[in-house]
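Here's the structure we're looking at; comments come further down.
The values are calculated or read from the model by the stated rules, or taken from the named source; none is laboratory data. Since we're looking at a predicted model, the values are computed, not measured. Remember, those area values only see protein heavy atoms, side chains included, never the ligands or the DNA or RNA. Shrake-Rupley method; radii C 1.70, N 1.55, O 1.52, S 1.80 Å.
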Amino acid sequence: KGKKGGEVNSKKRLEDRQWEDSYDLLLEYIEERRKRFFESVGKAAEIAERARRASSYGRNSDSDGGDGNNASAGQPKPAGAGWKWDGVVPYGHVTPSGYRLGRWVDRQRQARRKGTLDGRREERLDEAGLRWAMFKVTPFEVHR
């Protein structure tokens, strides 16, 4: 009888560890999306700044406000400003290590719908910004 209880506890610990590993991969996925966003924003800002400089080449420095300094140019934004994860991991997303993260996220949604997702896990996924409701929409339905 004691052996069976130990096996159950061992299985639960393994399941918990696998869930935690998957959750960590989700957080890495979100962070990667955030980095890509800011890299693209940085590139766009750099291009815009070059264009602004090119268009003002040879003009008087008074054109930017009189003191040669543009008050809004180059002002850093707070970390994370302008970005919010959409809460979606595509079903077919596979991590660089080969883990099917999109399928794992889908299983979490299914477990929540069935009422079998642990409350603490649901809270953590909420905190991460996971979108729970995913609708399958055809292109024709989008424009109705």
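Within the option set Gln75, Gln18, being open to solvent by 60 Å² or more (accessible area, probe 1.4 Å), at pLDDT 90 or above and of a type outside the set (Gly, Ala, Ser) holds for one residue only, Gln18. Considering the conditions (1) at pLDDT 80 or above; (2) open to solvent by 90 Å² or more (accessible area, probe 1.4 Å), Glu32 is excluded by exactly one of them, (2).
With respect to Asp62, determine if the residue is at pLDDT below 70, part of a helix (DSSP H, G or I) and on the phi < 0 side of the Ramachandran plot. Answer is yes for this residue. Of note, Ala81 satisfies the criterion of being among the small types (Gly, Ala, Ser), within 24 Å of the chain's Cα centre (by Cα), part of a loop (DSSP other than H, G, I, E, B) and modelled with pLDDT under 85. State whether one or more residues within the range 92-111 are assigned to a loop (DSSP other than H, G, I, E, B), modelled with pLDDT under 95, open to solvent by 100 Å² or more (accessible area, probe 1.4 Å) and among the basic types (Lys, Arg). The answer is no, given that none of the residues of the range 92-111 is assigned to a loop (DSSP other than H, G, I, E, B), modelled with pLDDT under 95, open to solvent by 100 Å² or more (accessible area, probe 1.4 Å) and among the basic types (Lys, Arg).
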